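J.: Can you keep this structure in mind? I'll have questions shortly.
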């Protein structure tokens, strides 16, 4: 009798949760209790590699069609990299860089490289979350410089609408598509470099950067290792248009959430970093066990990890960064021995540069004249409205 009652409750509750009118799943779309039950519903829809991969194809299709990535014009565009102000630091090189995402739109950022010029290095994409000038912060410089000294070419780039990415507003209707497209172009630029090993490509970011990480990883197998930080949640879908402003989680044929999108990384190495003060507080009990079951289908349980920091909050702080260093060191074949260590990694070799020294475009070096300006100009060029 109890089993029958449980089935009825779950079926009814699942139908109630699934019965939302809008195709957009925004913010805390479900309660924690609802999400816990929905994850059980999701788990009942697959039982082996074949049935999971059938579901994975539906989820991947939903992401691509939901953000209209399949409608992006087939534009032939060189990267036309603009690289300047190269500085040799203590064990790494930092440069200012812009590449063309498509003709007239520039992805702006910084390139952190190992001092060693010979051979091929791992590459790491480093998107960030919501903050006006986040690329210039000390914690992004610490992370990128440390990874570069460990032997990786790291591209830290601006979130759409922030820092130097001011050709459009952050909350433009196609922000989710645009950020994913920019990340794809950063990936392809890194792969085009003669100093990059295409089999050792990682991606990591926190919060909105975490969303960018698991979305691109889900749809592009060229990302070999992923570490979304403080963002993978069963009930929270991202509160910004750049995360949930286009229907990538739901269609007439399916419903999913960010846990399953992150699980599309399997069987590639995946690190989830969670904390006790945001929507990732349940990760050890809800999100991580689900993803572990997916990895078990591939006998790859050893390739997925969760570092949970219950006493910490929503950031990419020291303990989160050092967990990443160990994970990337192992799975990207880096050299953590290059980093000073005494009861913890020492990041004090990193020189924190002021924002003006990290900018690509200045009065002396302005953005190229062919730059498109404004949401309307970019959307008109692409012929995509986001509707």
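None of the figures in this text is laboratory data; all of them are computed from the coordinates on show. As the structure is a prediction and not an experimental result, all values here were calculated from the model. In this analysis, Cβ positions are derived from the backbone assuming ideal geometry, glycine residues included, and neighbour counts consider all displayed protein chains.
J.: Rounded to whole Å, give me the distance from the Cα center of the stretch 296-311 to that of the stretch 36-100.
T.: 20
J.: Can you compute the modelled spin-label distance between residue 31 and residue 385, with each label point 7 Å from Cα toward Cβ, in nm?
T.: Here the modelled spin labels are 3.8 nm apart.
J.: Please list, short to long, the whole-number percent of alpha-carbon pairs of the stretch 82-358 in consecutive 10 angstrom bins beginning at zero.
T.: 7, 32, 38, 20, 3, 0
J.: Would you work out the relative contact order for the chain, in percent, from Cα pairs under 8 angstrom that are 6 or more residues apart?
T.: 21
J.: Ranking 318, 136 by Cβ neighbours within 10 Å, fewest first, what do you get?
T.: 318, 136
J.: Still on this structure, I have one more. Given points 7 Å out from each Cα along the Cα-Cβ axis, report the residue 120 to residue 23 separation in nanometres with one decimal.
T.: Distance between label points: 4.0 nm.
J.: Just to confirm the number: angle between the C-alpha axis of helix 138-149 and the first principal axis of the chain, 0 to 90 degrees, nearest 10?
T.: Rounded to the nearest ten degrees, it is 80.
J.: Still on this model: Measure nothing fancy, just the Cα-based angle from helix 2-18's long axis to the longest principal axis of the chain, in degrees from 0 to 90, nearest 10.
T.: Once rounded, the angle reads 50 degrees.
J.: Once the Cβ-Cβ distance between residue 47 and residue 130 is put in as r, and R0 is 56 Å, what FRET efficiency do you end up with, to the nearest 0.05?
T.: 0.90
J.: What is the distance in Å between the Cα centroid of the stretch 340-363 and that of the stretch 116-176?
T.: Using only Cα atoms to place each centre, the spacing works out to 13 Å.
J.: Which of 77, 144 comes first, and how do the rest follow, when ranked by fewest Cβ neighbours within 10 Å? All intermediate terms of the calculation are to be shown ahead of the outcome.
T.: Working: 77 13, 144 24.
Ascending number of Cβ neighbours within 10 Å: 77, 144.
J.: Stretched out fully, how many nm does the piece from residue 277 to residue 166 gain, at 0.36 nm a residue minus the Cα gap? The partial results should precede the final answer.
T.: Details: separation 111, 0.36 × 111 = 39.96 nm, distance 3.16 nm.
Taking 0.36 nm per residue and subtracting the Cα distance, the gain is 36.8 nm.
J.: Taking the chain as a Gaussian network, Cα atoms linked when under 10 Å apart, which of 165, 47, 244 shows the biggest mean-square fluctuation?
T.: 47
J.: Separation between the residue 363 and residue 57 pseudo-spin-labels, each 7 Å from Cα along Cα→Cβ, expressed in nm?
T.: It is 5.9 nm.
J.: Please report the antiparallel percentage of DSSP beta bridges with both residues in the stretch 82-358, rounded to the nearest 5.
T.: 50
J.: Using Cβ contacts closer than 10 Å as the measure, can you line up 52, 178 from fewest to most?
T.: On the way: 52 20, 178 27.
Least crowded to most crowded, the residues run 52, 178.
J.: OK, next. Using a ≥ b ≥ c from the Cα gyration tensor of the stretch 124-198 (square roots of the eigenvalues), is it rounded, prolate or oblate, where a/c under 1.5 gives rounded and otherwise the larger of a/b and b/c decides, a/b for prolate?
T.: oblate
J.: If you don't mind, another one. For the stretch 232-387, what is the percent of antiparallel DSSP beta bridges, rounded to the nearest 5?
T.: Rounded to the nearest five, the antiparallel share is 25 percent.
J.: Angle between the Cα long axis of helix 287-297 and the longest principal axis of the chain, 0 to 90 degrees, nearest 10?
T.: 90
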